[in-house]
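Take a look at the structure below.
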Amino acid sequence: LRRIISFNSLVRFIEVHSGLSALIGENARYRKKSFDGFWLSSLTHATSKAKPDIEYVDNTTTSQSIIEIFDATTKPLILDADSGGRVEHFRFTVSNMERLGVSAIMIEDKKGLKENSLSQVNTQKQESIKDFSFKLSEAKKIQTSDMMIIARIESLITGHGQRDALKRAKAYIDAGADGIMIHSKKKTPKEIFRFCEAYNKLKDRKPLVVVPSTFNQAKEQDFQDHGVNVVIYANQLLRSAY
């Protein structure tokens, strides 16, 4: 995954939730373009099992799904690990995902019972910068492979704004994060691009990830122009099946 990001101006990932969806994603082509890897989305993985998106699906079930996906493809996989759970539990998740061959784990700075970021009514709380940074630093201590740990920032979702988002990005990078994902549920990418412009000025900038689920009129060239490194199409295959 690190090599793919370093050699491409923009890397494309598609949501998968099963071996079959991974096989479809592996072979999908459009104007000679294909997907560089897969995103095991907690939303679509839970939904495919008729469960709510509240961190209910356990690590054993997730591990089995990853094995099925890797039986169908050899492309890199980013795991959506929600909040990562308790620090003590997240250490085991990191070790397990390394053994399975996962290329990156993404965790979000949410606190308490998870609510989907795109919910119209969202009362989700954010973890403190100190506590989430500690979780990241502990994960990096456990890590033995080249797997990436990506920090997802929810400041634009919770209404805490650009300044808080950038402050968190700096802190999470200092704590060892290998990448940053910035999320928004606005219908246009304006606030995402504002963040990108400020983020790109950071001295220790890491790869930047976006998920254009709601601001879906933006073009890939727009993301490239704003320094985005990875774009994740986060629920398209499940919606296609539905």
- Message: Restricting to the stretch 198-234, give me the number of residues that are polar (S, T, N, Q), within 17 Å of the chain's Cα centre (by Cα) and at pLDDT 95 or above.
- Response: 1
- Task: Check whether at least one residue in the stretch 99-110 is among the hydroxyl-bearing types (Ser, Thr, Tyr), out of contact with any Ser or Thr (no Cβ under 6 Å at 6 or more places or on another chain), at negative phi and free of Cβ contacts under 8 Å to residues at least 40 places away in the same chain, and report yes or no.
- Result: no
- Residue list for the stretch 115-127, restricted to those being closer than 18 Å to residue 165 by Cα, open to solvent by less than 50 Å² (accessible area, probe 1.4 Å) and polar (S, T, N, Q): 117, 122, 124, 126
- Task: Could you tell me which residue of the stretch 135-189 is most open to solvent (accessible area, probe 1.4 Å), considering only residues that are closer than 21 Å to residue 204 by Cβ and among the hydroxyl-bearing types (Ser, Thr, Tyr)?
- Result: 137
- Task: Scan the stretch 64-94 for residues that are within 27 Å of residue 133 (Cβ to Cβ) and hydroxyl-bearing (Ser, Thr, Tyr) and jot them down.
- Result: 83, 93
- Query: residue 135 fails exactly one of the following numbered conditions: (1) over 23 Å from residue 65 (Cα atoms); (2) assigned to a loop (DSSP other than H, G, I, E, B). What is the number of that condition?
  - Reply: (2)
- Item | Within the stretch 207-242, tally of residues that are in a helix (DSSP H, G or I) and either open to solvent by less than 10 Å² (accessible area, probe 1.4 Å) or among the β-branched types (Val, Ile, Thr) (or both) | 1
- Scan the stretch 2-30 and report the pairs whose first residue is open to solvent by 30 Å² or more (accessible area, probe 1.4 Å) and whose second residue is of a type in the set (S, T, N, Q), with Cβ atoms within less than 6 Å and a gap of 6+ or a chain change. 9/224; 26/73
- Query: Identify, please: which residue in the stretch 60-114 is among the acidic types (Asp, Glu) and farther than 27 Å from residue 182 by Cβ and is, among those, most open to solvent (accessible area, probe 1.4 Å)?
  - Reply: 71
- Task: Output the number of the condition that residue 57 fails; it satisfies all remaining conditions of (1) β-branched (Val, Ile, Thr); (2) more than 20 Å from residue 111 (Cα to Cα); (3) surrounded by 15 or more Cβ atoms within 10 Å (Cβ to Cβ).
- Result: (2)
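The values are calculated or read from the model by the stated rules, or taken from the named source; none is laboratory data. On a predicted model such as this, the values are computed, not experimentally measured, just so you know. So basically every Cβ, Gly included, is an ideal-geometry build from the backbone, and we count neighbours across all protein chains shown. When the accessible area is computed, the model is the full protein with side chains, heavy atoms only, and any ligands, DNA or RNA have been set aside. Shrake-Rupley method; radii C 1.70, N 1.55, O 1.52, S 1.80 Å.
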